[in-house]
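Everything on this sheet refers to the single structure shown next.
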Amino acid sequence: LHVYGQPVPSGFTATEVTVRAEGDPADVRILDVEAPQTKPFRVEGVGEEFQVFDGTVEFTVPIVNGNREIDSLALDVTVRFQACDDKQCFLPQTKQLRVEVPLAGLNRPKPKA
């Protein structure tokens, strides 16, 4: 199976990952999602080239925490994708999950100047 990356022809769904912090806490920034490299793929009978991810796909979401008072952060993650094989595409799906990220051990005081 593979899933599509951008760009994707009309009628197909590219993989999209969005992350939001619960309560949008001050001094916490969620940076752009980092996706792995796609590779070109052609579907028999379709005259367009697709960009696909295949195998195990890992997306990275950098988080910058400038708030020393937060011990943990609840993240709402949404993943939208359409899985296909070389003969058929399945219906697009959206999966949602909540992840509790421990931050207390990562919070360090700023070095004194």
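The values are calculated or read from the model by the stated rules, or taken from the named source; none is laboratory data. Computed from a prediction, not measured in an experiment: that's the story for all the values here. Quick reminder, even Gly has a Cβ in these numbers, built from the backbone with ideal geometry, and neighbours come from all protein chains shown. Surface areas here come from the heavy atoms of the whole protein model, side chains and all, with no ligands, DNA or RNA. Shrake-Rupley method; radii C 1.70, N 1.55, O 1.52, S 1.80 Å.
General remarks:
- The heavy atoms of Phe53 present about 10 square angstrom of accessible area, all protein chains included, probe 1.4 Å.
- Net charge contributed by nearby residues that have their C-beta within less than 9 Å of Val61 (K/R +1, D/E -1): -2
- Annotation for the stretch 1-44: GluC sites (Glu not before Pro) lying in DSSP loop with at most 14 further Cβ atoms inside 10 Å of their Cβ are Glu22, Glu44.
- Residues of the chain: accessible area per residue with a 1.4 Å probe, Å²: 72
- Across the protein chains, with a 1.4 Å probe defining accessible surface, the residues Val33, Val28 rank Val33, Val28 from largest area downward.
- Relative contact order %, the chain, counting alpha carbon pairs below 8 Å whose residues are six or more apart: 32
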